């Protein structure tokens, strides 16, 4: 008997566009730098995203200390970008949300999210898919655990 895929909430059910306000997502370094530079194009979370549109990439104050995260930082530009903490460092368009309900799909998509296969959890994960990622000048601001509004950023 084939293993039945667990039922996870759909990421695209509401497909809610973001308003004219700018919103951000806080990401630990070096993942924020990798995302802002386009080296990474999917950010993995335990909750689904139904929002779409322009999203600022915020580098949290607390970095991910795991060596496997920092192994992706392979250029001087990424090294400098990964030093930025506690503010907005990039922007991209959030275009979709991938449901990773099985480990095989998570592993197959590693080239986009860069996470080790061991990071998959049986409860499932969600991948926030971006395009048009690019760094922007640093703007210091506090982060949050979900999408949050940001003022004072010029695109």
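The values are calculated or read from the model by the stated rules, or taken from the named source; none is laboratory data. None of the values given here were measured: they were computed from a predicted structure. Cβ coordinates were reconstructed from backbone atoms using ideal geometry, including for glycine residues, and neighbour counts include every protein chain displayed.
The condition of being more than 10 Å from the chain's Cα centre (by Cα), over 21 Å from residue 155 (Cβ atoms) and in contact (Cβ under 8 Å) with a residue 60 or more places away in the chain does not hold for residue 133. Contact map, the stretch 104-124: residues that are in contact (Cβ under 8 Å) with a residue 40 or more places away in the chain paired with residues that are surrounded by 13 or more Cβ atoms within 10 Å (Cβ to Cβ) and in a helix (DSSP H, G or I), Cβ distance under 7 Å, separation 6+ or inter-chain. Pairs shown: 114/34.
Just need a number here: residues in the stretch 55-68 that are under 26 Å from residue 149 (Cα atoms) and outside any strand (DSSP E or B).
The number of residues fulfilling the criteria is 5.
Scanning the stretch 1-54 for residues that are farther than 18 Å from residue 93 by Cβ, in a loop (DSSP other than H, G, I, E, B) and modelled with pLDDT of 85 or more returns 28, 29, 30, 46, 47.
Of the residues making up the stretch 74-84, not a single one is under 29 Å from residue 140 (Cα atoms) and touching a residue at least 60 places away in the same chain (Cβ under 8 Å).
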